[in-house]
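See below for the structure under consideration.
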């Protein structure tokens, strides 16, 4: 008798993560503009319990939330000199879970309108150049979650993770050729292959709990969300972290849409200082992120057209 797949955890058992982000810049006079994406997104399955922002300069700031992606953009114009930002937050992750075998790909004609931008090529994800490869490697597979997982596994086996092995100009095609990269490069390649098969895929940024300490201090992390069934599901293309421990900040077509800092002016910056820990949730239970065999989402259901 075939064993039944493991049941997802009870949705009432939430993961609570507490973290801080410190950013340091030296700005050339007379100053420059910044757009930051360092605030945790508020989604149907990711709740910001508390948060605070400290800025060393006395500046006017504007926080805008995209109504579709839930990305929160902080805009400010800084003066010349030193600038420090510190963002602290406590976030509850109450993942939506599903059995992979229940998740089919969605025909283009049935995709919700907000999903449509994520089936096209973009700056770093040239899916139009990878169609032949994608159909050769994955075109014969059933059109469901398992095919997306096969794409993720293919990328993970093809590309080697190596710090400082790419630049801000590295594209999915570059990563395919060079076969090395960091998390954003893995994500771009997986996204491009998915889109080449008409599977909507988007770039997600945030931080994570549970990354391999061999990789160094905690840093920002890029991963992939793919639309199957009726919502966006999480995939870690680089395989260096635990998807259940991802705190989402922003999403977009690729890294051009989702940088943690976009700077307009002369600036010298240092590496971000990020700390994150799991703490007891509202029920007083400490739940640690772990690898699981079922699908995870922090997004809500989208109604098909």
Practice task
Taking residue 117 as the residue in question, decide whether it is without any contact (Cβ under 8 Å) to a residue 12 or more places away in the chain and surrounded by fewer than 17 Cβ atoms within 10 Å (Cβ to Cβ).
Solution key: no
Problem - Identity of the residue in segment 271-291, assigned to a strand (DSSP E or B) and under 28 Å from residue 80 (Cβ atoms), that ends up nearest to the chain's Cα centre (by Cα) - result: 274
Problem - residue 197 within 15 Å of residue 130 (Cβ to Cβ), without any contact (Cβ under 8 Å) to a residue 60 or more places away in the chain and touching a helix residue (DSSP H, G or I) at 6+ places or on another chain (Cβ under 7 Å) - result: no
Handout entry: Conditions (1) farther than 21 Å from residue 255 by Cα; (2) surrounded by 14 or more Cβ atoms within 10 Å (Cβ to Cβ); number of the one not met by residue 130
Key = (1)
Problem - Leading residue by the ranking (surrounded by the fewest Cβ atoms within 10 Å (Cβ to Cβ)) among those in segment 155-186 that are under 13 Å from residue 224 (Cβ atoms) and in contact with a helix residue (DSSP H, G or I) (Cβ under 8 Å, 6 or more places away or on another chain) - result: 156
Practice task
Filter segment 142-163 down to the residues that are in a loop (DSSP other than H, G, I, E, B) and modelled with pLDDT of 95 or more, then identify the one that is nearest to residue 175 (Cα to Cα).
Solution key: 159
Fill in the blank from the handout: When restricted to 80, 139, the only residue out of contact with any helix residue (DSSP H, G or I) (no Cβ under 7 Å at 6 or more places or on another chain) and over 28 Å from residue 294 (Cβ atoms) is 80
Exercise for the section: For segment 170-190, name all the residues that are assigned to a helix (DSSP H, G or I) and under 11 Å from residue 155 (Cα atoms). Expected result: 172, 175, 176, 185, 186, 187, 188, 189, 190
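The values are calculated or read from the model by the stated rules, or taken from the named source; none is laboratory data. What you are looking at is a predicted structure, and each value in this text was computed from that prediction instead of being measured. Here Cβ is always computed from backbone atoms with ideal geometry, including for glycine, and neighbour counts include all displayed protein chains.
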